Amino acid sequence: MEAAGKAPASVGVLLAGARALYEALRWAKATKDTPFTDVRPKKDRRRPWDKRQPYPDADVQRLLDVAPVEMRVLLRLGGIAGLRASEITGLKWESVDLDGGALTVVNGKGGKTRRVLLSTSLIEDLRQLGVKDGSLLVIGRTPEAARARLRTLCTQNNVPYLGLHALRHTAGTRLVRAGFQLQDVAEHLGHSDVQTARTYGKWADDRLKEHLRGL
């Protein structure tokens, strides 16, 4: 699998699934085999900032300029509010306070709940989207379907598709570049460890270098 280009983390997930399958087969006495017991994926030696690069601001803006309102909401929930894919697609209207300019992430990573402030542009898009057909969910799609929609939007507009999660990295990088402390960025994004937010600082530095080279 690694020879085929799969990342070590992806290989680890597949191995865990295969081990669970054989454990169930052994429990059902369908086999005595124990394959994959000593198989481990190679250690991922890539630095954190070399993985899942954020979308450049220009690419995000290009998508926002042509996207229908539902996709603008998705782009801004990820690229400004910094929500994870499951948080975006699981967001309920009852957790959105447009008058108060905030939303509440319920059962985020680790089962944690956090309050996230909304940008003016996101509030406007959410008001325009509105509740349709009594829907409880803001986006109303599975994470897989949301990724597919984003991939299609990127392809149609010649924007490299970096994944849905990369929008969250865009949000973190923007906040660091705007001068916010890493602790504030970590709290906004729901990181339990401020060290994770340091990656956004590296990406922000890279973006600054690219900008200065063009001056």
query = Among the residues of the range 103-117, is any in a helix (DSSP H, G or I) and within 15 Å of the chain's Cα centre (by Cα)?
reply = yes
query = Is it the case that some residue within the range 131-138 is out of contact with any His (no Cβ under 7 Å at 6 or more places or on another chain), among the basic types (Lys, Arg) and in a helix (DSSP H, G or I)?
reply = no
note = Looking across the range 118-163 at residues that are among the small types (Gly, Ala, Ser) and surrounded by 12 or more Cβ atoms within 10 Å (Cβ to Cβ), the single one that is nearest to the chain's Cα centre (by Cα) is Gly163
key: Test: Val11 is modelled with pLDDT under 70 and in a helix (DSSP H, G or I)   = yes
ask   = Residues of the range 164-180 being among the basic types (Lys, Arg) and surrounded by fewer than 18 Cβ atoms within 10 Å (Cβ to Cβ), which ones?
value = Arg177
remark   = Matching residues in the range 144-160 (touching a residue at least 60 places away in the same chain (Cβ under 8 Å) and within 16 Å of Ala85 (Cβ to Cβ)) number 6
request  = Exactly one condition in (1) at pLDDT 85 or above; (2) assigned to a helix (DSSP H, G or I) is not met by Pro54; state its number.
outcome  = (2)
request  = Kindly list, by first and then second residue, each pair from a residue in the range 89-100 that is part of a helix (DSSP H, G or I) to a residue that is surrounded by 18 or more Cβ atoms within 10 Å (Cβ to Cβ) and small (Gly, Ala, Ser), limited to pairs with Cβ atoms under 7 Å and residues at least 6 apart or on different chains.
outcome  = Thr89/Ala146
note = Phe36 passes all but one of the listed conditions (1) part of a loop (DSSP other than H, G, I, E, B); (2) modelled with pLDDT of 80 or more; the exception is number (2)
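The values are calculated or read from the model by the stated rules, or taken from the named source; none is laboratory data. Worth saying up front: this structure is predicted, and the values here are computed from it rather than measured. Cβ sites come from the backbone with ideal geometry, for glycine too, and all protein chains shown count toward neighbours.
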